[in-house]
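Below is one structure, written out as structure tokens; comments come after it.
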Amino acid sequence: MGSCDSENPDPREEITPEMSIASLTRFEGDDASTFSFLVSINRTSSTDVTVDYATESHTAAEGEDFLQASGTLTILAGERSAMIDVQIVADTLKEADEEFYMNLSNVSGATLVTDRGTATIRNDDTYVFVPADGYITPDNYAGFDLVWADEFDEPQINRENWIYEIGDNGWGNQELQYYTERLDNSRIQDGQLIIEARKENFNGAPYTSARMITRDLQEFTYGRVDVRAVLPEGQGIWPAIWMLGAKFTEVGWPACGEIDIMELVGHEPSTVHGTAHWGPQGQSFSQNKGQSTVLTEGKFSDQFHVFSILWEPDRIIWLLNDEEFFRLNKSDVNGTYPFNEPFFFLLNIAVGGQWPGNPDETTVFPQQMIVDYIRIFQED
């Protein structure tokens, strides 16, 4: 009987491991830092596995954004991975994200499955300076229960609270931005929500921003609403913290009702407005009533302020830093009073439009609205 060894290899024979390198994304920072590429094999080997490596410039430049690195990496017998470190050259320039590559070659003891990793340097134009000072309100009030809040303490925006409205249709006001859900336009940073308006061409629009809403997720009738925020400024910049009636999809605007907790037009950076809108179904313009208030010193971009409403049956009171500056009673409204129904929240920065006008050469971009918290309390 002939030998079958060639058809039945020794089961003790070692299977060659497969090697790959992972891509990574890190913030650049203001001080020198290190990016570490993970090189791994899918099973251990009884002998050392080696591979040559070398950095390659792409949109990030060698010597300017990172220091060249090359050599031979060893994954020791019995180990599954090893790291390749590359030093990043930090600066304080506001730049776009940049990339460079780590290439692998001449592997010994393994099969090379992924031979290139991409490093993305997220530059500091995504980091926003947040003022440490400003007004703050308590997280409880006598006679009230906290029924909902977003403190923005999670690393990502909570999609159980917020959805995005996307588009560039001017939103009825000849606005110029394209609303997106990109990190460039909305993100969490160190416990605050950042909504950012940017000057950039995107899907045919000259600016981008974000508009976040709680429709069908968090809707309320009555209570005290507190929103702590730092506001943007500049000609053509239009931030808003506001509410729409939950019947919006059924009866449209203005019949659903609109409560503008805070609006600011950027050429008046020390003034905010509180307004209510209402009107018959099918009407293209609203009836409205509102009032503005002006800081005695400074601008709303300097530090945090708290924008509040006390929302009761047949009455809404607007507050800035706990000081009343406007109130609306049911008797002020001609026709149907829509403000005794459920409403949802909206947060956004518009760019351009009928009220603020368009940006000009004095407008600095990007501009951010920084929201520390949004809370609603109801009587217990």
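The values are calculated or read from the model by the stated rules, or taken from the named source; none is laboratory data. Everything quoted here is computed from the prediction, not taken from an experiment. Cβ sites come from the backbone with ideal geometry, for glycine too, and all protein chains shown count toward neighbours.
Structure values in brief
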item: Test for ASP184: is it within 30 Å of VAL89 (Cα to Cα) and either at pLDDT below 95 or among the acidic types (Asp, Glu) (or both); result: yes
item: Test for ARG224: is it under 25 Å from GLU181 (Cβ atoms), touching a residue at least 24 places away in the same chain (Cβ under 8 Å) and of a type in the set (Lys, Arg); result: no
item: Residue selected from segment 46-84 under the condition aliphatic (A, V, I, L, M) and assigned to a loop (DSSP other than H, G, I, E, B), by the criterion nearest to GLU98 (Cα to Cα); result: ALA60
item: Residue within segment 333-351 that is buried (at least 23 other Cβ atoms within 10 Å of the Cβ), in contact with a Lys or Arg (Cβ under 7 Å, 6 or more places away or on another chain) and under 28 Å from GLN177 (Cα atoms) present; result: yes
item: Residue check for VAL225: outside any strand (DSSP E or B) and buried (at least 17 other Cβ atoms within 10 Å of the Cβ); result: no
item: Lone qualifier among ARG159, ARG182 - being free of Cβ contacts under 8 Å to residues at least 24 places away in the same chain and within 23 Å of the chain's Cα centre (by Cα); result: ARG159
item: Residue ID - surrounded by the most Cβ atoms within 10 Å (Cβ to Cβ), chosen from residues in segment 208-222 that are part of a loop (DSSP other than H, G, I, E, B) and not aromatic (Phe, Trp, Tyr); result: ALA210
item: Complete set of residues in segment 41-77 that are closer than 20 Å to THR114 by Cα, surrounded by 18 or more Cβ atoms within 10 Å (Cβ to Cβ) and not aliphatic (A, V, I, L, M); result: SER45, TYR53, THR55
item: Enumeration of residues in segment 79-102 that are β-branched (Val, Ile, Thr), surrounded by 15 or more Cβ atoms within 10 Å (Cβ to Cβ) and modelled with pLDDT under 85; result: none
item: Matching option when the condition is among the hydroxyl-bearing types (Ser, Thr, Tyr) and part of a loop (DSSP other than H, G, I, E, B), among SER331, SER301; result: SER301
item: Top-ranked residue in segment 257-287 [being of a type in the set (A, V, I, L, M) and part of a loop (DSSP other than H, G, I, E, B); ranked as farthest from PRO342 (Cα to Cα)]; result: VAL265
item: First in segment 351-363 and assigned by TED's automatic domain parsing to the domain that holds GLU268, second anywhere and part of a loop (DSSP other than H, G, I, E, B) and among the charged types (D, E, K, R), Cβ under 7 Å, 6 or more apart; result: VAL351/GLU175; GLY352/GLU175; GLY353/GLU175
item: Residue check for ILE237: surrounded by 22 or more Cβ atoms within 10 Å (Cβ to Cβ), closer than 18 Å to GLU175 by Cβ and at pLDDT 95 or above; result: yes
item: Residue that is modelled with the lowest pLDDT, among those in segment 109-134 that are closer than 30 Å to PHE343 by Cβ and surrounded by 14 or more Cβ atoms within 10 Å (Cβ to Cβ); result: VAL128
item: Given (1) charged (D, E, K, R); (2) farther than 20 Å from GLY170 by Cα; (3) at pLDDT 95 or above, index of the condition ASP190 fails; result: (3)
item: Filtered residues of segment 280-289 (kept if small (Gly, Ala, Ser) and surrounded by 15 or more Cβ atoms within 10 Å (Cβ to Cβ)); result: SER286
